[in-house]
Amino acid sequence: MFRPTREPQSKRHLRSSFYVVGEGILGESADGPSLEALTPTTVAALRRFQFSRLGPRSTPNQQLDRNARAELARAMTTAQGQPDQDGLPAGFTYLGQFVDHDLTLDATAVHLEEDVTVRQLLQGRSPALDLDSLYGLGPHHAFDRRFYEDDGIRLKTGTTQGVPGDGSIVGQPLAGFDLPRVGMGSQRSERRRPLIPDARNDENLAVAQVHCAFIRFHNRVVADLVAKGVSSAVLFESARETVVKHYQWMLRHDFLPRLVDPDIVADVFTNGRKVFEPAPAEQDRPTMPIEFSVAAFRMGHSMVRGAYNWNRVFDDGRGTLELLFRFSGTSGILSPPPADVSDPEAGEFERLPTNWIADFRRLFAFQEALPGKTELQVPAEKFNVAKRIDTLLVNPLANLPLGSFGGRGQQPPAEELNLAFRNLTRASMLRLATGQQMVEHFVDRKVDVEPLGVDDLVQGNGGAQVDDALRDDLSENCPLWFYVLREAEVRGGGKLTGVGGRLVAEVFPRAIEGSRHSIVRDPFWRPFLSPVQDRNAKDVFEMTDLLLYAFEERADLLNPLGP
């Protein structure tokens, strides 16, 4: 769910680069997958998203070679059944992807052709939970002004495309249920391009629909502030502060405890960080640890289902993962088969077909907030839960569409289509610390982390079945991403714990602290937008509250296609 800073579109995935503080820009060497430090100019360094290295740098001998990575990736994406994570709604998989893009967005790197001042460069590069993937550099920035309506306050929305020949609601265009799109240009791929600050939020339909929900959330906050008579001079910033703080509260109290051991989360937020930037100076801007972005927070890849009960049209598992990629503007072509998804100009649809609007009732558990409101609930067999966080990925992720990683027009080896192989390879390129190294690093800093034993690493608990040939490699130098997934599988009951839990739990408060609007730096702030009034009184604001507010508490907006 994470992608490093970008180069222009034609080169974006041919060469990856990371600006790691203290190490410079690490770019792919010309003769292989290893990374070498490049000497940046001052401007080049400023344009880069600033990563940091939390643990030690491993040696080449501590990394799996290409054949071993391919073998481990095959074991992780085998077609064997992967357990569901009961009680974890599937929508949190893609909320996690949305959050990842907020944390890792480098807004200025997307616009290298633009004249950008140093001040704007610094503002536009925030590894912080500030929704810059939604707002960009704001309505007053010459380039990002295009994401906003003419009033410079509301965010643009998109309209779906009705399915020809269908006399039901499916045949009608519906405003507000697609991302805004460019709509102009000589090529379909240009016209389909999402008009949002981060095109990664149109990599698959599920994360695109989550982004649409956040657009609605902002616009409804604006409408309510207008109704209260808030001055236009401060309207946008007031709305943004309200949205960002409610978002942060939801992440702290709803999202994180569902995916990370709640005791670790509570300890970090209550007693402070021990490992990641524990005592920054007031002027220090947060960085993004590569151990988080390249390993621990990629736990979401194991949560992905191969098929969803998407809505009443694509029910009973017919909302397949392949189709969720296809009906996007970045990985897909917004058009059904037989149009060739690898051809960006194929297909006739240039906006999302109406029959693919999400039924949010199937992705988030509204019965937790409003148990008596039956129109917001679906039968248990129609509800989608996430897969368990473990060392297995659903098999479709072994064969990614070329558009999902900018590979159209290329013919990469088969293993490079495998998401697990890509994750393992990027970590190897960065000389990421192994799981065992991170355990030692944490223990040295007085963090109580118990290492996984050899049998746990190799045998697991219903996860990837590792070949004996990899036993020695994993027992001594286990890739960090695999290690944190195995921790969740063996010890966490499907939640991050140990090294992985601590990594994620420590990055979030620092990322909130680094935002201009921050519930960490404003500890007395409390949420007030839940439509369920007793939840406001109890300081509760969860993802279902956000959606209820954004969609005006209306079942026909949360599910416009009907039951």
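The values are calculated or read from the model by the stated rules, or taken from the named source; none is laboratory data. A quick note: this is a predicted structure, and the numbers were derived from the prediction, not measured. All Cβ positions, even for glycine, are placed from backbone atoms using ideal geometry, and neighbour counts span all protein chains on display. The protein model used for the area step is the full one, side chains on, heavy atoms only, and it has no ligands, DNA or RNA in it. Shrake-Rupley method; radii C 1.70, N 1.55, O 1.52, S 1.80 Å.
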Handout entry: Positive-end residue, the chain charge dipole about Cα centroid, Cβ charges, pick of 330, 223, 75
Key = 223
Fill in the blank from the handout: Of the candidate values [x] 0.99; [y] 0.94; [z] 0.96, the one computed for Rg/Rh (Cα atoms, Kirkwood Rh) from this structure is [y]
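Grab the other residues whose beta carbon is less than 13 angstrom from that of residue 540, score K and R as +1, D and E as -1, and report the net. Please report the intermediate quantities before stating the final value.
Numbers: positive: 252, 526, 535, 538; negative: 254, 368, 534, 539, 542, 545.
Neighbour charge sum, excluding residue 540 itself: -2.
Around residue 441, what is the net charge, scoring Lys/Arg as +1 and Asp/Glu as -1 over all other residues with Cβ under 12 Å from its Cβ?
On the way: positive: 53, 57, 274, 445, 446, 502; negative: 291, 440, 444.
Around residue 441, the charge tally is +3.
Which value at 222 nm does the chain reach when only helices count, each DSSP H run of 4 or more adding -39,500 (n - 2.57), with the total divided by all residues and rounded to the nearest 500 deg cm²/dmol? Mind showing how you got there, number by number?
Values: 21 runs with 189 residues, N = 563.
Rounded to the nearest 500, the figure is -9500 deg cm²/dmol.
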Exercise for the section: Please calculate the 1.4 Å probe accessible area of residue 508, with all protein chains present, and give it to the nearest 10 Å². Expected result: 0
Exercise for the section: Only Lys, Arg, Asp and Glu count, each charged at its Cβ (+1, +1, -1, -1), so figure out the dipole size of the chain about its Cα centre, rounded to 20 debye. Expected result: 880
Practice task
Order 302, 475, most accessible first, counting only protein heavy atoms with a 1.4 angstrom probe.
Solution key: 475, 302
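Taking each full run of DSSP H in the chain as one helix, which ones are at least 18 Å long along their axis (Cα atoms) and have mean Kyte-Doolittle hydropathy of at least 1.6? Don't skip to the end; give the middle numbers.
Values: long enough: 91-104 (20 Å, 0.01); 205-227 (33 Å, 1.06); 232-250 (28 Å, -0.10); 498-513 (23 Å, 0.53).
Qualifying helices, which must be both long enough and hydrophobic enough, do not occur.
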Problem - the chain - share of DSSP beta bridges that are antiparallel (%, nearest 5) - result: 75
Problem - Cβ charges +1 (Lys, Arg) and -1 (Asp, Glu), total dipole of segment 273-428, debye - result: 420
Exercise for the section: Choose one of 474, 508, 447: the residue whose Cα lies farthest towards the positive end of the charge dipole of segment 416-510 (beta-carbon charges +1 Lys, Arg; -1 Asp, Glu; about the Cα centre). Expected result: 508
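What net charge is computed for the residues neighbouring residue 276, neighbours being all others with C-beta under 13 Å from the C-beta of residue 276, Lys and Arg scored +1, Asp and Glu -1? Please list the in-between numbers first.
Numbers: positive: 53, 273, 274, 445, 502, 510; negative: 277, 284, 291, 506, 513.
Net of charged neighbours comes to +1.
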Fill in the blank from the handout: Given the candidates 355, 423, 182, the one whose Cα lies deepest towards the positive end of the charge dipole of the chain, counting +1 at each Lys or Arg C-beta and -1 at each Asp or Glu C-beta, is 182
Handout entry: For residue 495, solvent-accessible area (1.4 Å; no DNA, RNA or ligand), Å²
Key = 60
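With charges set only on the Cβ (+1 for Lys and Arg, -1 for Asp and Glu), what does the dipole of segment 351-447 come to about its Cα centre, in debye to the nearest 20?
220
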